[in-house]
Amino acid sequence: MKIIIVGAGEVGRHLCQQLSTENHEVVLIDRDAEHIRRIERELNILGIEGNGASPSVLEEAGISKADLFIAVTDMDEVNLISCIMAKEYGVERLVARVRNQEYISLNSPLSEHRLGIDLVINPDQVMAQEIVRISEISEAFEMVDFAHGEVVLLGYRIKPENPVCGLTLAQLRDLQGLYHFLVVAIVREGQTIIPKGSDIIQPEDRIYIVVRKKNISATEKLLNLASSAPKKVFIIGGGRVGFSLAEELEDKGVDVYIIEIDAKRCEFLAEKLDRAVVLNFDGLEANELIAEGIDQADLVVAVTGGDTTNILASLLAKHHGAKKSITRISRPDFIPLLGSLGIDVALSARLVAANMILRFVRRGGVLSGALLLGGEAEVLEYYVSSQWPYIEKPLKKVKFPEGVIVGAVVRDDEVLIPSGDSVIKAGDRLVMFALKDQSQALEEFINP
Amino acid sequence: MKLGTIGANLGWLLIFLSLTLLFPLGVSLYYGDGNWYCFVEAAFVGLITGGLLAFACVPEEDIGHKEGFAIVGFGWIMSAFLGALPYYFSSAIPSFLDAYFESMSGFTTTGSTILNEVEPLGHGLLFWRALTHWLGGMGIIVLSLAILPILGIGGMQLFQAEMPGPTKDRLAPRIQDTARILWGVYLLFTVLEVALLMLAGMDLFNAVCHAFATLATGGFSTITASVGGFNSPWVDYIVVFFMILAGMNFALHYRLLTGRGRELLKSSELKFYLTVGFGGAFLLTAVNLYHHTYESIVDSFRYSLFQAWSILTTTGFGTADFDKWAPACQFVLVAFMFLGGMAGSTGGGIKNVRILLFLKFTRVHIKKLIHPRAVETLKMDGKKVPADVMQSILAYLSLYLTFLVAAILVVTSQGLDIVTGSTAVIATLNNIGPGLAGVGPVKNFAHVPAVSKMVLILCMVAGRLELYTIAVLLVPEYWKGARLPIWRWKRETH
């Protein structure tokens with residue numbers, strides 16, 4: 001597939017990296033010549049210097065042969081105009097990053113349908129939604145929906161005192177009784193493993209399980225990962241993400257404390273929010289935090305503009321008794337450090353937005369795809385066609401590529417958490433988990 | 001820098017190259033020249049060494065720019081080593097240094113030889129000589145990028161280190177596709193030239209060998225008298241035509257073939273190249289007539305045209321002994337040696353675009369002396385030339401001069417006279433082939449002392465890879481922080 005990406009920022013770069021390793025022809029357009037050259041040297045893509053909304057630049061990039069156009073510059077206007085332009089050149093699928101909701105909203109004459117844009121991404125909103133989802137189950141650090149939200153993938157860190165430590169997955173399976181769940185991946189010391197029945201759960205592992213949504217709480221109780229929705233949430237940083245997060249949490253009846261250093265911004269927040277407490281001080285002032293009862297907070301979300309502030313504020317809040325923290329990180333370089341620092345969940349706006357775009361891009365036979373933490377493994381959904389050679393055979397007879405596991409089977413609106421004896425039928429939808437370097441092999445296995 | 005990545009890639013390259021030895025093996029068996037065993041032995045050595053390297057070293061991560069230099073630089077040094085084995089094993093060239101010289105001269109498309117007579121080599125080795133040209137012309141690494149799947153990410157680093165010219169044209173988003181396009185065009189022209197040469201009366205074997213040597217701008221012939229030995233004006237003109245094509249930027253050829261010919265007219269480097277080449281040919285024709293070197297204008301034009309393009313494109317084929325031409329003619333030809341082909345061609349030399357920009361740069365500076373406050377930009381084909389490109393050209397020229405002077409110093413200090421010594425260096429550093437006097441077109445490099453031969457070998461590979469790639473490997477700082485390979489057996493016990 002030929003893909004043109006406009007904007008070599010964090011999202012653009014991440015997309016280039018992912019898509020070029022999947023053997024797509026990627027052309028990247030950006031105004032910063034030096035930046036382009038650097039990415040071109042490192043990745044297998046063609047870089048073109050220039051304005052992504054200029055016809056001559058687009059023609060140079062070969063727009064008439066492109067199958068997909070992704071505009072992710074910092075400027076909404078450039079993204080929108082270049083998408084409109086690409087539409088005129090006949091590109092079929094368009095993706096634009098638009099921050100300012102006012103351009104494309106229900107009452108705007110420019111709806112995304114009118115413009116022919118298939119996917120509009122607002123990174124702040126996507127980020128806020130992701131935080132809300134994670135906050136709903138307090139011990140899970142990652143949660144991804146599948147099959148219309150019927151099944152979810154949950155990530156947990158196993159604490160040393162948890163009794164499931166030392167059990168093999170086969171033993172865990174015997175323990176589950178009524179509530180079906182499946183461990184699909186283990187991240188141990190930075191390495192992602194697609195486990196077999198003989199693998200043993202060790203302290204400090206991050207395990208990913210697939211479970212039906214209605215069975216989440218029962219399963220968590222069984223595995224001693226019990227959780228409760230947060231009652232009191234501190235949001236540090238009242239920017240766009242902080243604001244939309246506060247709005248969403250307010251609607252859910254959570255006590256929201258939003259801390260913002262800029263007095264003018266606080267006035268705006270106080271005007272727009274109803275019940276939330278808007279506090280005007282620096283999120284790094286411990287005395288103020290304690291006075292506001294940080295020790296009773298179920299969750300602290302640090303979403304200021306600075307990575308260092310976010311990291312320090314999360315650590316400070318946890319030190320003073322907050323139960324859990326979610327930290328926004330824009331520099332992906334920091335992510336590997338955070339686990340050892342004691343930060344529970346790090347979210348990068350880049351990864352979140354890029355994941356959403358990637359999910360859209362892969363929407364051929366692949367219905368949805370998400371990267372598990374650090375991008376090491378992927379979740380993919382496939383339809384089983386009637387030509388597939390393993391139809392009507394139990395799963396244990398299917399010779400899947402190494403590092404691949406079936407997490408769930410969706411059959412006529414019903415979701416099965418499979419075991420080795422489950423039989424695959426034509427028309428089934430398989431939710432698969434695969435190590436990143438195996439996704440190509442899996443693709444070939446499913447669509448030979 | 002990860003030596004493991006370098007080792008593994010070099011191993012694969014060696015395996016790949018060993019397989020190309022099957023072609024001369026086939027030729028040798030077909031003609032029954034009795035040298036087949038030397039190709040089998042060489043391929044065996046190559047496969048074993050390459051296999052061991054590729055097996056022992058675990059590649060780590062992708063190829064960074066540091067690894068790129070080493071893979072390309074050592075890749076070439078190693079390829080010439082493998083290429084020398086058939087000559088050595090067959091005892092056609094008894095000294096290994098000589099065999100290495102011949103092999104490096106082949107791969108770098110120089111075309112300088114240490115052989116008094118080439119015919120005794122036999123068909124198999126002659127074909128191998130021509131094939132090394134052809135492989136080296138568009139580039140061994142570029143070829144392996146085009147067909148081997150192992151070099152995906154990081155391929156750009158390798159491409160940049162091997163392709164000539166200050167800026168590289170990328171013809172497709174994926175580097176593999178770019179490499180395939182370049183090799184495709186190259187192959188197409190080769191087939192065309194073979195067909196035309198056969199129409200002009202050559203047999204298939206000679207036509208293929210000469211087409212290989214022409215399009216690579218190499219210069220090895222299958223007969224000692226070079227192209228002149230065929231004594232056919234048709235052959236001369238066909239070879240001239242394809243030399244001109246080979247000295248052009250292959251990206252331009254691709255655009256012409258895909259119906260974007262207008263870009264050719266816009267290229268000021270192409271104008272410069274054609275003007276200089278044909279201008280030089282006419283000048284030589286006139287001077288040769290004036291000095292009565294040739295009596296008829298037809299002869300003078302035919303030999304002058306051939307020699308002008310043969311030297312300008314750095315091919316080095318001979319149809320005339322220009323060592324006997326008038327001094328002015330010799331000077332023109334030596335000046336042409338420096339110019340070389342266009343950027344992105346298979347030719348050597350400094351490359352037209354660098355000279356052109358250098359001249360433009362000088363003009364801008366003179367203008368600035370007259371109008372001190374004037375704002376002048378350096379433009380090429382209507383586009384501004386970025387300052388870093390110009391800087392890299394100036395740095396290239398300074399490195400080039402340093403290299404040239406140092407090499408001439410070594411060679412002359414070993415007793416070669418100044419004309420022989422300096423033209424030997426100029427002819428090898430620019431990948432031409434013959435020089436003047438003792439290394440003139442009807443002479444060869446056999447009598448050059450051993451140390452000088454080594455220097456000339458270095459000149460050839462440095463010239464082909466445009467100095468930087470080799471120069472960087474000679475800087476101690478480059479090797480600081482090099483990490484030993486993770487051996488495969490160690491990893492498995494881990």
Cα lying deepest toward the dipole's positive end in chain B, options B:457, B:399, B:214, charges on Cβ: B:399
Name the long-range amide H neighbours of residue A:346: under 5 Å, sequence gap of 5 or more, or other chain; modelled H, no Pro or chain starts. A:327
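Might you report the magnitude of the Cβ-based charge dipole of chain A about its Cα centre, with Lys and Arg at +1 and Asp and Glu at -1, to the nearest 20 debye? Don't skip to the end; give the middle numbers.
Values: 48 positive and 66 negative charges, 228 e Å.
Computed charge dipole of chain A: roughly 1100 debye.
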Candidate aspartates and glutamates for bridging to residue B:266, where Cα separation is under 17 Å - those fewer than 8 sequence places away on the same chain excluded: A:60, B:169, B:381
With +1 on each Lys and Arg Cβ and -1 on each Asp and Glu Cβ, how big is the dipole of segment B:230-361 about its Cα centre, in debye rounded to the nearest 20? 720
What is the set of long-range amide H partners of residue A:103 at a cut-off below 5 Å, with H atoms built 1.01 Å from backbone N? none
Karplus ³J(HN,Hα) for segment B:458-473 (6.51 cos²θ - 1.76 cosθ + 1.60, θ = phi - 60°; Hz, whole; x = Gly/Pro) runs 4, 4, 4, 6, 5, x, 5, 8, 6, 6, 3, 4, 7, 4, 4, 5
Return, for the Cα atoms of segment B:350-464, the radius of gyration and Dmax in Å, separated by a comma. 18.3, 57
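Could you state the orientation-averaged shadow area of the convex hull built on the Cα atoms of the protein assembly as shown, in nm² to one decimal?
Numbers: hull surface 186.7 nm².
Result: a mean projected hull area of 46.7 nm².
One quarter of the convex hull surface, Cα atoms only: what value does that give for segment B:1-121 in nm²? Present the calculation step by step, with values, prior to reporting the outcome.
Numbers: hull surface 31.1 nm².
Taking a quarter of the hull surface, the average projection is 7.8 nm².
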Where a ≥ b ≥ c are the square roots of the eigenvalues of the C-alpha gyration tensor, would you call chain A rounded, which needs a/c under 1.5, or, failing that, prolate if a/b is larger than b/c, or oblate? oblate
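What longest region of chain B stays clear of GluC sites (Glu not before Pro) that DSSP places outside H, G, I, E and B and that have at most 16 other Cβ atoms within 10 Å?
Longest stretch, sites excluded: B:118-294.
If you average the sequence gap of Cα pairs under 8 Å that are 6 or more apart and divide by the length of chain A, what percent do you get for the contact order? Walk me through the numbers before you get to the answer.
On the way: 900 pairs, mean separation 47.4, N = 448.
Relative contact order of chain A: 11 percent.
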Set A:214/A:393; A:214/A:324; A:221/A:324, cut-off 22 Å on Cα-Cα distance; pairs above it are A:214/A:393; A:214/A:324
Between A:99, A:265, A:328, find the one with the highest GNM mean-square fluctuation for chain A; connect C-alpha pairs within less than 10 Å. A:265
When chain A is modelled as a GNM with alpha-carbon springs shorter than 10 Å, which of A:50, A:403, A:197 fluctuates the most? A:197
Estimated vicinal HN-Hα couplings, Hz - segment A:233-246 in sequence order (Karplus 6.51, -1.76, 1.60; Gly, Pro = x): 10, 9, 10, 9, x, x, x, 5, 5, x, 5, 5, 5, 4
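When 1/r is averaged over all different Cα pairs and the result inverted, which Kirkwood radius in Å belongs to segment A:232-323? Please list the in-between numbers first.
Numbers: mean 1/r = 0.0790 Å⁻¹.
When all Cα pairs of segment A:232-323 are included, the Kirkwood radius is 12.7 Å.
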Let me know the mean shielding of A:110-118 by other chains, meaning the per-residue number of their Cβ atoms within 10 Å of its Cβ. 0
Would you mind checking which residues have amide H under 5 Å from residue A:252's amide H? H placed 1.01 Å from N; only 5 or more apart, or other chain. none
Relative contact order computed over segment A:2-121 (Cα-Cα under 8 Å; 6+ residues apart), in percent: 23
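Where the only charges are on Cβ atoms (+1 Lys, Arg; -1 Asp, Glu), what is the dipole of segment A:2-121 about its Cα centre, to the nearest 20 debye?
Values: 12 positive and 20 negative charges, 23 e Å.
Result for segment A:2-121 is approximately 120 debye, rounded to the nearest 20.
By average Cβ neighbour count within 10 Å, what is the ranking of A:378-390, B:382-394 from highest down?
On the way: A:378-390: 17.1, B:382-394: 13.6.
In descending order of packing, they fall as A:378-390, B:382-394.
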With θ set to phi - 60°, apply the Karplus curve 6.51 cos²θ - 1.76 cosθ + 1.60 along segment B:269-284 and write out the HN-Hα couplings as whole Hz, x wherever there is a Gly or Pro. 5, 5, 4, 4, 4, 5, 4, 4, x, 6, x, x, 4, 5, 4, 4
Work out the mean other chain Cβ neighbour count within 10 Å for the residues of A:40-50 and drop it here as an integer. 5
Sum of -39500 (n - 2.57) over DSSP H runs of 4+, divided by residues of the protein assembly as shown (222 nm, nearest 500): -15500 deg cm²/dmol
Take the alpha carbon gyration tensor of segment B:202-334, find the square roots of its eigenvalues, order them as a ≥ b ≥ c, and report rounded if a/c is under 1.5; if not, report prolate when a/b exceeds b/c, else oblate. oblate
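For peptide B:136-142, compute the average count of partner chain beta-carbon atoms within 10 Å of each residue's beta-carbon. Show your work: numbers first, answer last.
Values: counts 0, 0, 0, 0, 0, 0, 0.
Mean partner-chain Cβ count within 10 Å for B:136-142: 0.
Read-outs: derived from the displayed coordinates by stated rules, not from any lab. Note that the coordinates shown come from a computational prediction; the quantities given were computed from them, not determined experimentally. No Cβ is skipped: glycine too gets one built from the backbone with ideal geometry, and neighbour counts run over all protein chains shown.
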